[in-house]
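Written out below as structure tokens is the structure these notes cover.
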Amino acid sequence: MIPIHVLNGPNLNLLGRREPGIYGTATLADIERDLRAQAVGLNVDLTFRQSNHEGELVGFVQKAGLSGAGVLINAAAYTHTSVALRDAISGSGALAIEIHLSNVHAREAFRHHSFIAPVCAGVICGFGPMSYALGLDALARLMAARSGNPTDQTSS
Ligand code: DQA
């Protein structure tokens, strides 16, 4: 199976009630449930975590990267502030994809810069919970290609 850790940053525990006009009404539990269903078809072993604390997120990234797991990360506000998270991704060698529910480029200027994007394989934003689904699919394909063991979805 393909190990993938989905890591969620600060305030994402409030999804569903947090600024629904921007983030929608799905809760983080809803997103996790849908990803777990998707993971079965992708042969992905999914770990799903959320923290409001930068250091804890750094620990999650290190653990994933050092174990060889892929990282799908919505670092939330830390995207725009955290050198520590960027260094955790590059330092642990994690293959990572950055995701956001909202289109950060259509929002305030301070959300246009990401400290982690340069050390990620790619960025997906603006699709609501679908950003997670697209990110999981892309990361599973990248991980399978890296291991030289393409999934059925990538071999066609
Ligand atoms: C977010 C976008 C960030 O700018 C913001 O700080 C968040 C959520 C998103 O998923 O759209 O907390 O990462």
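A few notes on this one:
- In region 34-49, the qualifying residues are those that are within 16 Å of the ligand (Cβ to nearest atom) and within 25 Å of residue 62 (Cα to Cα), and the one that is surrounded by the most Cβ atoms within 10 Å (Cβ to Cβ) is 35.
- One residue from 106, 84, 39 being of a type outside the set (Ser, Thr, Tyr), touching a residue at least 60 places away in the same chain (Cβ under 8 Å) and out of contact with any Phe, Trp or Tyr (no Cβ under 6 Å at 6 or more places or on another chain): 39
- Residues that are of a type in the set (A, V, I, L, M) and either at pLDDT below 95 or over 12 Å from the mean Cα position of the chain (by Cα) (or both) within region 70-87 comprise 77, 83, 84, 85, listed in sequence order.
- Every condition in (1) assigned to a helix (DSSP H, G or I); (2) over 22 Å from residue 37 (Cα atoms) is met by residue 114 except one, and the failing one is (1).
- Count of region 96-111 residues which are part of a loop (DSSP other than H, G, I, E, B) and surrounded by fewer than 20 Cβ atoms within 10 Å (Cβ to Cβ): 4
- Yes/no for residue 71 being touching a His at 6+ places or on another chain (Cβ under 7 Å) and within 18 Å of residue 11 (Cβ to Cβ): no
- Of all residues in region 19-33 being touching a residue at least 60 places away in the same chain (Cβ under 8 Å) and surrounded by fewer than 16 Cβ atoms within 10 Å (Cβ to Cβ), the one that is farthest from residue 130 (Cα to Cα): 22
- The set of residues in region 117-144 being assigned to a loop (DSSP other than H, G, I, E, B) and on the phi < 0 side of the Ramachandran plot consists of 120, 121, 127.
- Residue match in region 46-66 (condition: basic (Lys, Arg) and in a helix (DSSP H, G or I)): yes
- Scope region 2-18; condition assigned to a helix (DSSP H, G or I) and surrounded by fewer than 19 Cβ atoms within 10 Å (Cβ to Cβ); matching residues: 13, 14
The values are calculated or read from the model by the stated rules, or taken from the named source; none is laboratory data. Note that the structure is predicted; figures quoted are calculated from it, not measured. No Cβ is skipped: glycine too gets one built from the backbone with ideal geometry, and neighbour counts run over all protein chains shown.
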